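Working notes, beginning with the structure itself.
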Amino acid sequence: MEYTIKSRNTDINDEIRKYAERKIKTKVEKLAESTIKTEIEFSLEKNPSINLNNKIVVTIFTPKAVIRATESGADFFEAIDKVNYKIERQIKRYKGKIIQKSRRGAQAKKEVKNSEENLEELREIVKTKRFEIKPMSPEEASLQMELIGHDFYVFVNSDTGKTAVLYKRKDKNYGLIEPQI
C-alpha cells in the first residue's frame, strides 16, 4: 500500500508524522485490506478568526471506492484523532454497504426523468477538476457519492454506456441525469 503525507502552508515535524502514521495507517491497514493508496494532507489556515485552524484531509483509494474525511483541530494531534474516528466509521459503513449489496443482488432499475434546470445567472468558471470516470451502476455511484460526501457524482452508467450525473435532491432521494442524443 502506498502511503503519502503532504503539507500545505506548514511544515510537519517527525512527531506529528509518526503520530499520524501510528493512528491512521494502522487503522486503515486493519479495516480496509484492499487499500491501494492512502493520502494524508495537513494544512494550516492562516485566517486569525478560525480557532480550529489545523486541518487534515485523509483520502483512501480502494479498487471500488474513494473514502475521504476532513477534520480540523486546535492542533494537528486533535485533528488526527478526530479524522481517525471519522475514517473508521466511513470504512465500516463502506464494508457494510458492500456486504448488503452482495446479499441484496440485482434490484429492479428505477427510471428517473430528467428535470430541466433554470439557470438564474451565468457564473464564471474558477476551477477545473479532471478525474478518471469508471463504468458503474447508479447504485454503485450512490455509494461512491456518499463515501466522498458530495452532493453529486459523475460516472459512466454501465447499463447504458453513457456519462451520467447522480445528485441528491432536496427530498433526500437521488436524481439521475443522463444525456439523450
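For segment 21-55, the tally of residues that are closer than 23 Å to Lys95 by Cα and either charged (D, E, K, R) or touching a strand residue (DSSP E or B) at 6+ places or on another chain (Cβ under 9 Å) (or both) stands at 17.
If you check Thr10, Thr70, Thr62 for being closer than 22 Å to Lys134 by Cβ and among the polar types (S, T, N, Q), only one passes: Thr62.
All of the numbers you see were taken from the coordinates with simple rules; none came from a lab. Note that the structure is predicted; figures quoted are calculated from it, not measured. So basically every Cβ, Gly included, is an ideal-geometry build from the backbone, and we count neighbours across all protein chains shown.
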